[in-house]
Each structure stands twice: as C-alpha cells, then as structure tokens.
1. When you go through (1) in contact with an Asp or Glu (Cβ under 8 Å, 6 or more places away or on another chain); (2) without any contact (Cβ under 8 Å) to a residue 60 or more places away in the chain one by one for LYS144, which number turns out not to apply?
2. Go through (1) within 18 Å of PRO18 (Cα to Cα); (2) aliphatic (A, V, I, L, M); (3) out of contact with any helix residue (DSSP H, G or I) (no Cβ under 8 Å at 6 or more places or on another chain) and name the single condition VAL121 misses.
3. Residue pairs, Cβ under 8 Å, 6 or more apart or interchain, first in the stretch 196-210 and closer than 10 Å to PHE128 by Cβ, second surrounded by fewer than 21 Cβ atoms within 10 Å (Cβ to Cβ) and of a type in the set (Lys, Arg). List them.
4. In a helix (DSSP H, G or I), at pLDDT below 90 and of a type in the set (S, T, N, Q) - does that describe any residue in the stretch 238-246?
5. Filter the stretch 221-265 down to residues that are aromatic (Phe, Trp, Tyr) and in contact with a helix residue (DSSP H, G or I) (Cβ under 9 Å, 6 or more places away or on another chain) and give me whichever is nearest to ALA182 (Cα to Cα).
6. Hey, any hits in the stretch 53-65 for a residue that's under 18 Å from GLY170 (Cβ atoms), in contact (Cβ under 8 Å) with a residue 12 or more places away in the chain and either in contact with a helix residue (DSSP H, G or I) (Cβ under 6 Å, 6 or more places away or on another chain) or assigned to a helix (DSSP H, G or I) (or both)?
7. Yes or no: ASN65 more than 19 Å from the chain's Cα centre (by Cα) and either aromatic (Phe, Trp, Tyr) or over 24 Å from MET212 (Cβ atoms) (or both)?
Amino acid sequence: MKSFIRKYEIWIFLILGPITNVFFVQARINGLISSSVYNTGRFCILLFLLICILKITKGNKGIINLFKPMLNWRVHPKWYLLVLVFPTTIGVITLLLKAFYNDVEYSTFLNVNITTFRGYVANLVWAFLGEVVWVSYCIRELSKIVKPFYASQIIAVFWTLWFIPIILLGEGIFPEIPILPALIFFMGIAGMCAFIYKHTKSGLCVLLLQCMVNYTAISLPLMPTYGGAPTYTAFATIYFLTMLAFWITEYLLTMNKNKKLIQSS
C-alpha cells in the first residue's frame, strides 16, 4: 500500500483534495462548522491532507522540503517588481477596456475599495496556504513528469475542481462567479505561478504574486458582485492570455538562442 501511494503520490493528492473539500463544504452547509472555521479551515484541511500523504511517502524530510521554497528570497529585484505590479496592471487594463467599450470616462470604473486589515491578513494566509499546496508541491512535483507550463494547466483543472463546491456555496468567496471563466482564471494564475517559480525557485515570489491577485480582486471592481460577470470574464481572459504571452515569448527566445548556438558550432 505504501509503495502504491509513493508511486502515485501526486495523483492521489490531486484526486483526494477536491473530494475532501466537497465533504468540508457540505459540513458548512449543514451548519456543522462555523463561518470562521470554514473560511480558513478549507485551506488547512487541504494542507493537512498533503502533509499526511508526505509523511507516509517521504517522512519528515518531505514535509520540510514542502516549505523550503518559502525561504528562498535572494532573487533579482525584477521578479519582485513583476509579481507586485502584474495582477493590478491586468486589472486596470481590464477596467480601461471596459470604459472604452462602454464609451464612458475611465474614472467611472477605476474605483478602489479598501477592505479591513483583517481581510488583507486573511487573504495573505490563504495565499500562503495555496502557494505551499498548489505551487510548492503540485506544480513542482508534476514538473518532474511534464513541462512546467503543462504542469500548471493540469493543476489549474484540479484547483478549479477544488473551488467549485466553494463557488456553488458562495461563502468565503465572491458570489456569482461563473465556473468556466473561473477555470480560465485559474489557468492564468497557475501558469503565471509556474513561470515565476521556474525562474526564481522562490515560494516567496509566488506568495507575493498570489497576494496581489487577491488584493487586486478585492480592491478593484473586477468580481461579478461589483463589476458584473462580463468584467470578471474579461479579467480572467486577459490574465490568461498575458500569461500565455510570457510562455510563448520565452519559448521563441529559447528557440532563437538554440538556433544561433547550432549555427555557430
């Protein structure tokens, strides 16, 4: 049994993660857990499941390695700048295009909502737990089997599956989020996380990126509740396409570099 779990470790976790969340969300629906326990508990349960699997397959060393990328902070400042401005820039571009399409003043949609300090802290904690599970472990492990980009898109599917019960419940998340655009958004998020992690091997950079995604979502009218479903769909699509542009550009530059090396040899 242990050898089976070790062999299919990543897939066992990816399957059990969404299934476990279904039962956890159902417990909230039935009033078995409080709202505060539910909001952070869904992430903690996911991390606890992963730790249990790693304890079986890799022991304490595997659990320690799970958090090691968070200690890597010595990366080029350009990566910190990118992760800090990327999500907000995509959000602003989305709202500017919305204003242009509706032929209204840009300031009509560029309204910044300031949430509570507790809200920002909660989003920081959720981003940390999400980074450790989906990026530090899932994308890193799956990248041993397939290329990082493909790994990120596979993870995006399971990430979305994990979120679907939460979306349907509409608690602890912005309500009325359409599932298909959410999948596109998670594909963009996971792809960008993988791109940053590939170049930095820094969990801290990915954490900052995830934090900025969350802060952008709660500060700008991009979610269905404040901006409407079409705005959210546009934001998700632009985020995904921009992420894709990063990967395609890197691929073309690498191909060009290899071509020059072949010609010079």
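The values are calculated or read from the model by the stated rules, or taken from the named source; none is laboratory data. Remember, it's a predicted structure, so these values are computed and weren't measured experimentally. Neighbour counts run over all protein chains shown; Cβ positions are idealised from the backbone, glycine included.
1. (1)
2. It fails just one condition, (1).
3. Hits for this filter: GLY203/LYS68.
4. No, the stretch 238-246 contains no residue that is in a helix (DSSP H, G or I), at pLDDT below 90 and of a type in the set (S, T, N, Q).
5. Filtering first and then ranking leaves TYR232.
6. Taking every residue of the stretch 53-65 in turn, none turns out to be under 18 Å from GLY170 (Cβ atoms), in contact (Cβ under 8 Å) with a residue 12 or more places away in the chain and either in contact with a helix residue (DSSP H, G or I) (Cβ under 6 Å, 6 or more places away or on another chain) or assigned to a helix (DSSP H, G or I) (or both).
7. Spelling it out, ASN65 is indeed more than 19 Å from the chain's Cα centre (by Cα) and either aromatic (Phe, Trp, Tyr) or over 24 Å from MET212 (Cβ atoms) (or both).
Per-residue answers, yes or no, for (1) surrounded by 17 or more Cβ atoms within 10 Å (Cβ to Cβ); (2) under 18 Å from TYR251 (Cβ atoms); (3) in contact with a Gly (Cβ under 9 Å, 6 or more places away or on another chain):
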{"position": "TRP134", "(1), (2), (3)": "yes, no, no"}
{"position": "SER152", "(1), (2), (3)": "yes, yes, yes"}
{"position": "LEU180", "(1), (2), (3)": "no, no, no"}
{"position": "MET192", "(1), (2), (3)": "yes, yes, no"}
